[in-house]
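Q: Sending over a structure as structure tokens; questions will come in a sec.
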Amino acid sequence: MQNIGAYGVEIKDNFVELEAYRLADGELVTFDREACQFGYRESFFKRAGKDQYVIVSVTFRLDKKHILNTSYGTISQELEQMGILEPTINDVSNAVIAIRSSKLPDPKVLGNAGSFFKNPVVAKELAEKIKKDFPDAAVYPAGDGLVKLAAGWLIEKAGLKGYDAGTHGVHDKQALVLVNKGSATGKEIFDLSTKVLQSVKEKFGVDLEREVNILHHTDRAILHGDHALEERPFQRPDRTTITPPLCICASSQYRPFNIEIQSTSHEPTHHSVFPTSCLLHTHVQQRATPANVE
């Protein structure tokens, strides 16, 4: 579970709290925003709390009066093409969906885990050097003398956008996405991601980081990041059993993977859940604005 975000908005902007099941002792623990330690594509659950909790509920607080951000990316251009001058939240949502649909492959059609790599944050000096050599480089101030670079742009300039390895490759419209054409193994996808890391490092001196968590089968264990986990079902307090999947899965995007949920009173069924954090319930609160408060 992490601070996912896109087009100028992040989870932390509307996050209130979550409940998580601690695997060590079965306790339900509440985490507020500070305790979650949100950062860019980061949270407590990806670092210090990794593999120690299963998130069972999340509470968000939404504004009644909204401030729309249409300046990020090509949202304003998309709205203009749609003939919309005074957009609503739904209009902006439709514009974002249209933009992403034009760039990202549908996982139902072409296997993928969404963005496979994080946008790297580097020292300002390195960013300036890259910008000098490549004037079209996409750079974004990240504060404290740091600059965020566009990983997709780096991969493209490293010559790997559209790379075709037969059974798998790099998407031809969005270089952040690795695709499985149907018969590639998890190892082949992982090896391709390593090739991407090495190519970008050699060309730009930039260390990319995988945004996904890696799960694969090795004898009787699942490798999750740098940790070997015992391959055993997880049983929730209501005696519902969750059997871990053996796959490469996204940890940050909306791409779901399937798990088997078997209860004591029902036949096994398959459900799609958000990877890494089994998000079972979502609560939404409305935030009162000064205009609503006497």
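Values quoted throughout were computed directly from the atomic coordinates according to the rules given, and no laboratory measurement underlies them. Just so we're clear, the structure is a prediction, and the values are computed from it rather than from any experiment. Ideal geometry is used to build each Cβ from the backbone, glycine not excepted, and the neighbour counts take in all protein chains shown.
Q: Between ASN213 and residues 5 or more places away or on another chain, which pairs have amide H atoms under 5 Å apart, with H built 1.01 Å from N, and which residues are they?
A: Under 5 Å from the amide H of ASN213: CYS249, SER251.
Q: Between ALA24 and ASP172, how many nm apart are label points set 7 Å from Cα along the C-beta direction?
A: 5.1
Q: Ordered by residue, what ³J(HN,Hα) values in Hz, to whole numbers, does the range 105-110 give under the Karplus form 6.51 cos²θ - 1.76 cosθ + 1.60, where θ = phi - 60° and Gly and Pro are x?
A: For the range 105-110, the Karplus-derived couplings read x, 6, x, 6, 9, 10 Hz, x marking Gly and Pro.
Q: While we're here: Summing Lys, Arg as +1 and Asp, Glu as -1, what charge do residues with Cβ under 11 Å from the Cβ of LEU197 carry, LEU197 excluded?
A: -1
Q: Let's see if you can work this out: charge +1 on each Lys and Arg Cβ, -1 on each Asp and Glu Cβ, no other charges. What is the dipole magnitude of the range 27-108 about its Cα centre, in debye to the nearest 20?
A: The calculated dipole for the range 27-108 is roughly 220 debye.
Q: Give a quick list of trypsin sites (Lys or Arg not before Pro) in the range 1-79 that DSSP marks as loop, anything other than H, G, I, E or B, with at most 13 other Cβ atoms within 10 Å. Write out the running numbers ahead of the final one.
A: On the way: sites: LYS12, ARG22, ARG33, ARG41, LYS46, ARG47, LYS50, ARG61, LYS64, LYS65; in loops: ARG41, ARG47, LYS50, LYS64, LYS65.
Taking the range 1-79 and a limit of 13 other Cβ atoms within 10 Å, the loop trypsin sites (Lys or Arg not before Pro) found are ARG47, LYS64, LYS65.
Q: Using θ = phi - 60° and the Karplus curve 6.51 cos²θ - 1.76 cosθ + 1.60, what whole-Hz ³J(HN,Hα) does each residue of the range 165-176 get, with Gly and Pro shown as x?
A: After applying 6.51 cos²θ - 1.76 cosθ + 1.60, I find 9, x, 8, 7, x, 9, 4, 7, 10, 9, 5, 6 Hz.
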